[in-house]
Structures are given as C-alpha cells and as structure tokens.
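Trainee: Pasting a structure below so you can have a look.
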Amino acid sequence: PWQRARAAKIFEQTKDLKPWFGIEQEYTMLTTDNWPLGWPAEGYPAPQGPYYCGAGATQAVGREIADAHANACLYAGLNLSGINAEVMKAQWEYQIGPC
C-alpha cells in the first residue's frame with residue numbers, strides 16, 4: 001500500500017510530465033502433471049550452470065511456447081519490449097513497455 005501512496009504523491013508533484021511504465025511478468029511452464037517442463041520426471045535437474053537463464057540452444061526449455069506467446073502479445077497490440085528465459089528451467093519473463 002505505501003508504494004501506491006508514494007507514487008500518487010510523486011505523480012501529483014509532476015503533473016506536467018507523462019510517466020512511462022514497464023511491467024515484467026514471470027511464469028513457469030508446467031506439464032499436465034504440474035511438474036516444471038523439462039525437469040526429470042522424478043527429482044530435480046542438475047545444479048544451475050549449464051542451463052542458467054536458458055543459455056545455449058538446447059537449454060531454453062519451452063522456447064517454442066514462449067515465442068508463440070510473444071507473437072500472440074504482439075498480435076494483441078501489446079507493447080512487448082522483450083522476453084527472456086529466467087533462472088529456473090521452464091521459467092520465462094516478458095517485459096511490456098515502456099508505455
């Protein structure tokens with residue numbers, strides 16, 4: 001709540017300016033068994049390193065889905081400024097804005 005009050009005070013003091021906003025949305029893709037996509041069926045993936053933030057052509061789990069989602073955002077007219085794989089396998093992030 002204090003963030004909104006602080007923002008309202010700043011906006012009140014700067015009415016002559018037009019604010020820009022950027023929004024990030026992170027999510028994790030799950031299988032129909034509610035297990036993270038690309039993880040071993042039982043247990044956990046190897047420690048971070050080789051797949052950290054989807055680095056490498058074989059490490060970006062769910063890339064096809066993420067790309068399709070990005071295209072759907074653009075088709076819907078959203079001001080999509082970027083996407084990236086996040087730290088965990090099958091975790092992605094989208095950036096909207098500035099707008």
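Trainee: Mind listing whichever residues of the range 74-99 are surrounded by fewer than 15 Cβ atoms within 10 Å (Cβ to Cβ) and either touching a helix residue (DSSP H, G or I) at 6+ places or on another chain (Cβ under 6 Å) or of a type in the set (A, V, I, L, M) (or both)?
Mentor: The answer is 74, 76, 87.
Trainee: Next up: Go through the range 1-25 and give me each residue that's farther than 20 Å from residue 94 by Cβ, under 26 Å from the mean Cα position of the chain (by Cα) and surrounded by 11 or more Cβ atoms within 10 Å (Cβ to Cβ).
Mentor: 7
Trainee: I've got another one for you. State the number of residues belonging to the range 41-73 that are in a helix (DSSP H, G or I), surrounded by 14 or more Cβ atoms within 10 Å (Cβ to Cβ) and out of contact with any Leu (no Cβ under 9 Å at 6 or more places or on another chain).
Mentor: Qualifying residue count for the region: 6.
Trainee: Looking at residue 38, is it more than 20 Å from residue 99 (Cα to Cα), touching a residue at least 24 places away in the same chain (Cβ under 8 Å), touching a helix residue (DSSP H, G or I) at 6+ places or on another chain (Cβ under 9 Å) and crowded, with 16+ Cβ neighbours inside 10 Å?
Mentor: Taking the combined requirement at face value, the residue does not satisfy it.
Trainee: Looking for something at pLDDT 90 or above and part of a strand (DSSP E or B) - is there at least one such residue anywhere in the range 2-10?
Mentor: Looking for residues that are at pLDDT 90 or above and part of a strand (DSSP E or B), one finds none in the range 2-10, hence no.
Trainee: While we're on this one: Quickly run through the range 74-96 and pick out the residues that are in contact (Cβ under 8 Å) with a residue 12 or more places away in the chain and not in a loop (DSSP other than H, G, I, E, B).
Mentor: Scanning the range 74-96 gives 80, 81, 82, 83, 84, 85, 91, 92, 93, 94, 95, 96.
The values are calculated or read from the model by the stated rules, or taken from the named source; none is laboratory data. These numbers were taken from a predicted model, which means no experiment stands behind them. When we count neighbours, we look across all protein chains shown, and the Cβ atoms used for this are built from the backbone with ideal geometry, even at glycine.
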